[in-house]
Amino acid sequence: MKIGDLLHLALSRLGTGRLRTALTMLGVIIGVASVVALVSVGEGATAGISNQLQSLGTNLLTVSPGFTRTGATRGAAGSATTLTVADATALSTLSGVQAIAPELTTSKLVINGTQNETARVVGTTPGYTTVFAYQMWAGTFLNQASIDNNLRVAVIGATTADNLGLTQSSIGSTITVGGLPFELIGITQPKGGTTNTDDQVLIPLSTAQELFVGNGSVSAIGISAASQSEIATVSSEITATLEQRHGITNGVDDFTIANQAQLLGTVSSVSDVLTLLLAGIASISLLVGGIGIMNIMLVSVRERTREIGIRKAIGARGRDILSQFLVEALALSLAGGIIGIGVGVVASFGIGIYGGWGFIFNPLTVIVAVGFSLIVGVIFGVWPASQAARLDPVIALRYE
């Protein structure tokens, strides 16, 4: 028989029992929809996390301190951090360093009129905006004069501004940080995301050391490499410089360097594994749907035993019968796959909007889902089809 005749015959047979056909396809629909939706969720979550990491800064390296007891060997647990402003100054002279931003972090009560909140207060330098990719929404950022003169000026994040009721017209007004008056000179553009990058108060590093934390240390040093290709080189230079400055000769560093590119790579690897795991779990639904197809096809073979006998008696070959039932199984799985793709795309869109990463559509996922559904149709349709093809026409004609 020709392919067109087989397809026409298969569709007409499936159309005679529409409810049974729909219920049979349901397992495939759910399986394909689950695969498409869950893979989209995995890719969307990866994109969302990557965007958040990239928004933290351009070609970012973060140097974090270890700790040392007073009078004890560096690297032991204790009260004083191992990074200083002098270390930051030394690192700023390295080749390949675009900008540097030492941070001295504490937590203080911030008050504006009758509104207040406990916010993260960061003492830093003008390089902060370059290192951590901040833009100003209103006013200006800290300048070198504010560092040199220990000025009581502050730049606040968008979330802090909202919490304290501060707007563009508030620039030049006075807020209280840790019980001390500060002039508000700027508000940063919001970055969004789940971190607290928009909920902070930025003040001159020298002011923070003078008023809040006066031990000469810094909480971390943010460094922006001039280009992506120079990150590894800059990281090696940072290690060598700090080991020399801290007198480290045993290879046990009292600091750590976090590489943004490595973080992105780690996130991508973990997300790939999770996406594969989710797709594997969703594929179980496809197997269940395949078993449903096989069950219905076996029932169909029994119901149409006399029809098979008549067709064989008038000259139909075994391969014609095999092809007919196989095409029916493929039609069931393909139709279920196409509908499942539509359901999965709609689900992906809704989840992406709710999750905040938007709609992510990967055509390869659709191709794999359709291909897998067809494979399910072939695998679970071959046995019923082969049983129909092997029926003896005499026995089939006598079947009741």
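Every number in this text was worked out from the coordinates using simple rules, so none of it is lab data. Remember, predicted model here, so these are calculated numbers, not experimental data. Note that we place each Cβ from the backbone using ideal geometry, even for glycine, and neighbour counts take in every protein chain shown.
Full extension of the segment from Thr105 to Phe359, taken as 0.36 nm per residue of separation minus the current Cα-Cα distance, would add 87.7 nm. Annotation for Asn149 and Ile171: the two label points, set 7 Å from Cα along the Cα-Cβ direction, are 1.9 nm apart.
Expressed to the nearest 5 percent, the antiparallel share of DSSP beta bridges inside the range 67-253 is 75 percent. Could you tell me the distance between the Cα centroids of the range 234-257 and the range 91-123, to the nearest Å? Computed from Cα coordinates, the inter-centre distance equals 24 Å.
Residues whose amide H comes within less than 5 Å of that of Trp137, counting only those at least five positions distant or on another chain, are Ile187, Thr188, Gln189 (H built at 1.01 Å from N in the peptide plane).
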